Amino acid sequence: MYTGTLFIISAPSGAGKSSLIQAYLTQKNRHQAKVSISHTTRNPRPGEVHGEHYYFVDHKHFESLIEQQAFVEYANVFDNYYGTSKAEIEQSLLQGINVFLDIDWQGARQVRKKMPQAKSIFILPPSLKELENRLVKRGQDDSSVIEKRMQKAQAEILHYSEYDYVIINDDFDTSLHALSAIITAASLEQPKQAIVNKQLLKDLLGD
């Protein structure tokens, strides 16, 4: 039985998902947690480090891992594979570490089939206009790319109902508090407490 929890977190680009995860990881009172590191066959970008940002592997190695059913989810995007190692996630969960899996709704469906105990969270923007404003302010994309991201965002938002929790990221601090509350609640579920506090419960029951 795992004592850590796997959290699937999805959102359209610009909704603030990555910022919320990183803000949670820097909190002093947070539960022990980490972001899952994916395998990929694409080449490293400047500044990216193997084992820190991704596990960079060749196509042959990735496809051998697919045959071994080593991934809880994987996808082929623009001729490159991306996938999440089941063994790595399970090792962290067994150590009591919460794992954040930053993936889209399609990947989330794959994970739920293999790890149904995972908790899923969808981050929504307060409005489409605000989402567009955030994408513009980032200054990373031109208008044509932003238009495509907005079209994709609405397609992604259609799947919010497949998730256990929904956070509307209007005020960042409020959203961060909501994320922390979900993580705390998951740690207090009876099966986890029965494992973590096994000796205490035994003493209280006089066994």
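Just so it is clear, none of the values below were taken in a lab; they were calculated from the coordinates. Source: prediction; values computed, not measured. Every residue, glycine as well, gets a Cβ built from its backbone with ideal geometry; the counts of neighbours run over all protein chains shown.
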Given unit charges at Cβ for Lys, Arg (+) and Asp, Glu (-), the dipole magnitude of region 64-207 about its Cα centre in debye, nearest 20, is 220 debye
Under Karplus coefficients 6.51, -1.76 and 1.60, residue-wise ³J(HN,Hα) of region 20-26 in Hz, glycine/proline x: 5, 4, 5, 5, 5, 5, 8
Tell me the angle of helix 143-157 to the major Cα principal axis of the chain, expressed in degrees between 0 and 90 and rounded to the nearest ten. 40 degrees
Under 5 Å from the placed amide H of E73, counting only residues 5+ away or on other chains, we find T84
Using the structure shown, select from K113/K137; K34/K198; K60/K137 the pairs with a Cα to Cα distance greater than 30 angstrom. K113/K137; K60/K137
Please list, in order along region 133-142, the HN-Hα scalar couplings obtained from phi with the Karplus expression 6.51 cos²θ - 1.76 cosθ + 1.60 (θ = phi - 60°), rounded to whole Hz, x for Gly and Pro. 4, 5, 5, 5, 5, 4, x, 9, 10, 7
Residue by residue, what Karplus-based ³J(HN,Hα) values in Hz, rounded to whole numbers, does region 28-37 have, using 6.51, -1.76 and 1.60 with θ = phi - 60° and x for Gly and Pro? 5, 9, 6, 6, 4, 8, 8, 9, 5, 9
Based only on other Cβ atoms within 10 Å, what is the fewest-to-most ordering of V111, V49? V49, V111
Can you give the relative contact order of the chain as a percent, counting alpha carbon pairs under 8 Å and 6+ residues apart? 32 percent
Taking every DSSP beta bridge that has both residues in region 59-207, what percent is antiparallel when rounded to the nearest 5? 60 percent
Divide by every residue of the chain the summed helix terms, -39500 (n - 2.57) for each DSSP H run of at least 4, and state the resulting mean residue ellipticity at 222 nm, rounded to the nearest 500 deg cm²/dmol. -13500 deg cm²/dmol
